[in-house]
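**Student:** Shown below is the structure under consideration.
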Amino acid sequence: MNVGDYVGRVLRSEAHQGCHLSVIEHARSRVLPNHAHDWPFVCVLLKGSYVSRTRSSEMEIDNDVAVYHPRAFQHCDAIGRHGGLFFGVQIDPVLLSDSEFGRRGATGDIVAVHDDAPYLILGSLFCALLAGADKLAFESLAAELAGELFAPKACARGAAPRWLTRVEDRLQEGTCISLEDLSREAGVHATTLTRQFRAHKRCSIGDYHARVRAKRAFIGVVSETATLTEVSLMAGYADQSHMTREFKRAFGRTPGEIRRHVRNYGFQDDRALD
């Protein structure tokens, strides 16, 4: 399919240097015809449900992952019974030319990306599209997204300590937690914990925790399956005001603003709040 074209109703679309952004609606359950995109394509499910199907695999996609489609890769998705609302970003291959993964990106399979960092960049691009950000904001975020998805990551020397997974699991809970709690979970001193965490995760513990909560807040805000007060508590914030401050810091707009924009699209998911 040509850049900017999709199977589905395009509710909003903008082209910028290095990327093409679109909000796509499927109002009802359907199986999409087999198709492929001219540019590598990354999307997130905002509302509804769907199953991604290829010749070799089938994945039920949740709204907490970004899904990468290689350039020219054939796939046919099955939209769930509630329909689906998607945000998609097609990435200019020029942005991937210096990346080994990008150079071979036309031959891979569809990938569900669970890392919080690219998901949050997609969230920022979505909010920028809704709010009408300037050209530089789109171009820089697109380049940052390509770097997170495709650029080789610098790895810490040696294998990650066994306790790192346990610490990540505690942080993924999104609840208030202290460094003392995490040190006790890991069984190491706080200085060792923070040093090793940054070496292997490329960010501080505080930044990682903030990303977890911001991602949960974004999902709750756009899905409309809970009130903003309920979203703030589920995401691990002290209250709605705390979420509003952190959400605006992460995405440039308040939760209320983004929820109003999403409602303006008119997509009706019968699980959403009135």
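**Student:** For the range 179-225, name all the residues that are closer than 30 Å to R263 by Cα and β-branched (V, I, T).
**Tutor:** V212, I219, V221, V222, T225
**Student:** A further question follows. Just one of R213, R198 is assigned to a helix (DSSP H, G or I), buried (at least 21 other Cβ atoms within 10 Å of the Cβ) and on the phi < 0 side of the Ramachandran plot; which is it?
**Tutor:** After applying the criteria, what remains is R213.
**Student:** Could I ask something else about it? Could you tell me which numbered condition T254 fails, if it satisfies all but one of (1) surrounded by fewer than 18 Cβ atoms within 10 Å (Cβ to Cβ); (2) under 20 Å from the mean Cα position of the chain (by Cα); (3) modelled with pLDDT under 90?
**Tutor:** T254 satisfies all of (1) surrounded by fewer than 18 Cβ atoms within 10 Å (Cβ to Cβ); (2) under 20 Å from the mean Cα position of the chain (by Cα); (3) modelled with pLDDT under 90 except (3).
**Student:** Okay, moving on. Please go through the range 234-245 and give me each residue that is buried (at least 20 other Cβ atoms within 10 Å of the Cβ) and free of Cβ contacts under 8 Å to residues at least 60 places away in the same chain, ordered by number.
**Tutor:** Y237, M243
**Student:** Okay, moving on. Where the second residue is exposed (fewer than 14 other Cβ atoms within 10 Å of the Cβ) and not aliphatic (A, V, I, L, M) and the first is farther than 30 Å from E230 by Cβ and modelled with pLDDT of 90 or more and lies in the range 156-177, which pairs have Cβ atoms under 7 Å and are six or more apart or on separate chains?
**Tutor:** W163/G187
**Student:** Among the candidates S241, S223, which residue alone is under 20 Å from A117 (Cα atoms) and either touching a strand residue (DSSP E or B) at 6+ places or on another chain (Cβ under 8 Å) or modelled with pLDDT of 95 or more (or both)?
**Tutor:** S223
**Student:** Out of all the residues in the range 222-233, which are touching a residue at least 40 places away in the same chain (Cβ under 8 Å) and either surrounded by fewer than 20 Cβ atoms within 10 Å (Cβ to Cβ) or not acidic (D, E) (or both)?
**Tutor:** Correct list: V222, S223, T225, A226, T227.
**Student:** Could you please let me know if R263 is surrounded by fewer than 17 Cβ atoms within 10 Å (Cβ to Cβ) and under 19 Å from V44 (Cα atoms)?
**Tutor:** It is true that R263 is surrounded by fewer than 17 Cβ atoms within 10 Å (Cβ to Cβ) and under 19 Å from V44 (Cα atoms).
**Student:** Looking at S57 and the list (1) small (G, A, S); (2) in contact with a Leu (Cβ under 9 Å, 6 or more places away or on another chain); (3) at pLDDT below 85; (4) more than 26 Å from Y208 (Cβ to Cβ), which single condition is not satisfied?
**Tutor:** Just one mismatch for S57, condition (2).
**Student:** Which of the numbered conditions does H69 fail, given that it passes all the others? Conditions: (1) closer than 30 Å to G174 by Cα; (2) at pLDDT 90 or above; (3) buried (at least 22 other Cβ atoms within 10 Å of the Cβ); (4) out of contact with any helix residue (DSSP H, G or I) (no Cβ under 8 Å at 6 or more places or on another chain).
**Tutor:** (2)
**Student:** Which condition number does G220 fail, the rest of (1) touching a Gly at 6+ places or on another chain (Cβ under 6 Å); (2) outside any loop (DSSP other than H, G, I, E, B) being met?
**Tutor:** The number of the failed condition is (1).
**Student:** Moving on. Taking A146 as the residue in question, decide whether it is in contact (Cβ under 8 Å) with a residue 60 or more places away in the chain, over 20 Å from P118 (Cβ atoms) and assigned by TED's automatic domain parsing to the domain that holds I110.
**Tutor:** Against the criterion (in contact (Cβ under 8 Å) with a residue 60 or more places away in the chain, over 20 Å from P118 (Cβ atoms) and assigned by TED's automatic domain parsing to the domain that holds I110), A146 does not qualify.
**Student:** Let me ask you something else. Answer yes if at least one residue in the range 167-190 is loosely packed, with under 11 Cβ neighbours inside 10 Å and among the hydroxyl-bearing types (S, T, Y), and no otherwise.
**Tutor:** Checking the range 167-190: at least one residue is loosely packed, with under 11 Cβ neighbours inside 10 Å and among the hydroxyl-bearing types (S, T, Y).
The values are calculated or read from the model by the stated rules, or taken from the named source; none is laboratory data. From a predicted model like this one, the values you see are computed outputs, not experimental measurements. Cβ sites come from the backbone with ideal geometry, for glycine too, and all protein chains shown count toward neighbours.
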